[in-house]
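Just below is one structure, and these are the notes that go with it.
The values are calculated or read from the model by the stated rules, or taken from the named source; none is laboratory data. Since the model is a prediction, treat every value here as computed from it, not as a measurement. No Cβ is skipped: glycine too gets one built from the backbone with ideal geometry, and neighbour counts run over all protein chains shown. With ligands, DNA and RNA removed, areas are computed over all heavy atoms of the protein, side chains included. Shrake-Rupley method; radii C 1.70, N 1.55, O 1.52, S 1.80 Å.
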Amino acid sequence: SSAITAWANSRDPNAGMRAEALLKRMEEQCEMGNHDVKPNTLSYNSAITAWANTQDPNAGMHAEALLRRMEELSKMGNLEVKPDTTTYNSAITAWANSRDAKAGARAEALLKLMEEQYKMGNEDVK
């Protein structure tokens, strides 16, 4: 997670791509039995933040895809990757910074999803 966080904090234009590649390597290593590198919410949040900090026009799409992956994994019982407020805020920021034509609509949709999660009792998205 620390290496992903380092990419998130860098101003490298390729930080999102590099952070996501590290996250995928962690997932692959974990699937092969190395649970010492099992990704958690912080790992995913750092990768999403790395996308949010780039000016990549596809940043919102990548960040939201990671958020959706987290939702899928947590629904399957992996609560170590449950999305939280930081997850949603970072994904919304990624859309805002992407300059994509649909960024406003996607950001608003994520905000509404976050609000629905909270209304359903998810205190992690307060």
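Of all the listed residues (L22, L67), the sole one being touching a residue at least 40 places away in the same chain (Cβ under 8 Å) and either touching a Leu at 6+ places or on another chain (Cβ under 7 Å) or assigned to a helix (DSSP H, G or I) (or both) is L67. Does L73 count as open to solvent by 60 Å² or more (accessible area, probe 1.4 Å) and either out of contact with any Leu (no Cβ under 8 Å at 6 or more places or on another chain) or under 19 Å from V125 (Cβ atoms) (or both)? No; evaluated as a whole, the condition is false for this residue. Taken over region 70-90, the residue count meeting the criterion of being of a type in the set (G, A, S) and either under 15 Å from L23 (Cβ atoms) or in contact (Cβ under 8 Å) with a residue 60 or more places away in the chain (or both) is 1. Residues considered: T93, T49. Of these, the only one that is more than 17 Å from I4 (Cα to Cα), of a type in the set (S, T, N, Q), at pLDDT 95 or above and out of contact with any Leu (no Cβ under 7 Å at 6 or more places or on another chain) is T93. Only one entry of T49, T5, T93 meets the criterion of being in contact (Cβ under 8 Å) with a residue 40 or more places away in the chain, crowded, with 22+ Cβ neighbours inside 10 Å and in a helix (DSSP H, G or I), and that entry is T49.
Looking only at residues of region 28-43 that are among the polar types (S, T, N, Q) and assigned to a loop (DSSP other than H, G, I, E, B), we find that the one that is farthest from N78 (Cα to Cα) is N34. Within region 98-116, residues that are closer than 13 Å to G60 by Cβ sit with their Cβ atoms under 9 Å from residues that are basic (K, R), at 6+ positions apart or across chains, in these pairs: S98/R106; D100/R106. Say whether the condition of being over 17 Å from W51 (Cβ atoms) and of a type in the set (K, R) is met by at least one residue in region 83-106. No, region 83-106 contains no residue that is over 17 Å from W51 (Cβ atoms) and of a type in the set (K, R).
Scanning region 23-46 for residues that are within 17 Å of the chain's Cα centre (by Cα) and open to solvent by less than 40 Å² (accessible area, probe 1.4 Å) turns up L23, M26, E27, P39, T41, S43, Y44, N45, S46. Which ones in region 76-90 are under 19 Å from A6 (Cα atoms) and either open to solvent by less than 60 Å² (accessible area, probe 1.4 Å) or not in a helix (DSSP H, G or I) (or both)? Within region 76-90, T87, S90 meet the criteria.
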